[in-house]
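Below is one structure, written out as structure tokens; comments come after it.
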Amino acid sequence: MEMGKLIRAFVLVVLCVGMLTERSTASFKDCYTKCFIFCMIEPTQTLCSCTTHCLKDCIFQEIQNDASEDSDNLGFCKLGCAFSMCSSFSTKRTPNGEKVDGCVGSCSNKCVKSYSSSP
């Protein structure tokens, strides 16, 4: 039992260090997978709360790295799309980061505004 706690603590430390060092350059898939695994380790977290938390954090991190004038609006649109279209891919044991990444990527196409100047 003591060895199990030690291994669990070690995994938490490795995940924390990894998340902190790669936070700014991580892809959405990496961000989501790490966040989800770390979240599911906590005994009080549910599948739904981890999915919601990680989608929010990783989408807004991605948008923040691509700071543009309408990035907040794009982030909220992507978040809404991701909640409705992509949240069902993760299970308690498998984050399915690649599937979620592809789905969230398709949300980008749905949320892009086209600007045209009126003459």
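Since every read-out is calculated from the coordinates, none of them should be taken as a lab result. This one's a predicted model, so the numbers in the text were calculated from it and none came from an experiment. Heads up, the Cβs are rebuilt from the backbone with ideal geometry, glycines too, and the neighbour counts pull from every protein chain shown.
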As straight-line cross-link partners of LYS110, the qualifying lysines (C-alpha separation under 23 Å, not fewer than 8 residues apart within one chain) are LYS29, LYS56, LYS78, LYS99
Per-residue Cβ neighbour rank within 10 angstrom, fewest leading, CYS111, CYS35
CYS111, CYS35
What distance in nm lies between label points placed 7 Å from Cα along the C-beta direction at ASN65 and LYS110?
2.3
Listed with the fewest Cβ neighbours within 10 Å leading, GLU62, GLU42, GLU2 appear as GLU2, GLU42, GLU62
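At a 10 Å Cβ-Cβ cut-off, how would you order MET40, MET85, fewest neighbours first?
The order, fewest Cβ neighbours first, is MET85, MET40.
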